[in-house]
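Can you keep this structure in mind? I'll have questions shortly.
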Amino acid sequence: MRPGNAPSLKRARTLRANATRAEDLLWARLRDRRLDDLKFIQQSPIGPWIADFVCREVKVIVEIDGATHGTPEEIARDIARTSDLEARGYRIYRVDNRDVYRNIVGVLDGILDFIRKAPER
């Protein structure tokens, strides 16, 4: 794991140990370079945030959103978080829990399409 502050690292470890079912399902498909030989890491601190899944080599973050992303406050926080992560050079791909449960292959295809899509410069 990359250097960072101790509270963030501890929180990331806790999140990994207490992953949601959707996170476990997606992680089973991303880990060990199982998706197009891309190296993903799980629950990684980036600045003040902890990203669900990160592929550093292509600077893409995959976030799984569940029920805790629906209130105006949570939406505003997600917007601020996305803005900060994008300012750090990352692109964010968001997927809903339900999509992971219902169509994991479609989610993986969506991630690959997003990665392969060249960012506009």
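The values are calculated or read from the model by the stated rules, or taken from the named source; none is laboratory data. Computed from a prediction, not measured in an experiment: that's the story for all the values here. As a convention, Cβ positions derive from the backbone with ideal geometry for all residues, glycine included, and neighbour counts pool all protein chains shown. All accessible areas refer to the heavy atoms of the entire protein, side chains included, with ligands and DNA or RNA removed. Shrake-Rupley method; radii C 1.70, N 1.55, O 1.52, S 1.80 Å.
As an exercise, use a Förster radius of 25 Å and the Cβ-Cβ distance of residue 83 and residue 37 to find the FRET efficiency, rounded to the nearest 0.05.
On the way: r = 30 Å, r/R0 = 1.22.
Rounded to the nearest 0.05, the efficiency is 0.25.
What FRET efficiency would be calculated for the residue pair residue 73, residue 21, taking the C-beta separation as r and a Förster radius of 35 Å, to the nearest 0.05? The partial results should precede the final answer.
Details: r = 25 Å, r/R0 = 0.71.
With a Förster radius of 35 Å, E is 0.90.
Rolling a 1.4 Å sphere over the protein heavy atoms, what is the accessible area per residue of region 38-121, to the nearest Å²?
So region 38-121 comes to 55 Å² accessible per residue, rounded to a whole number.
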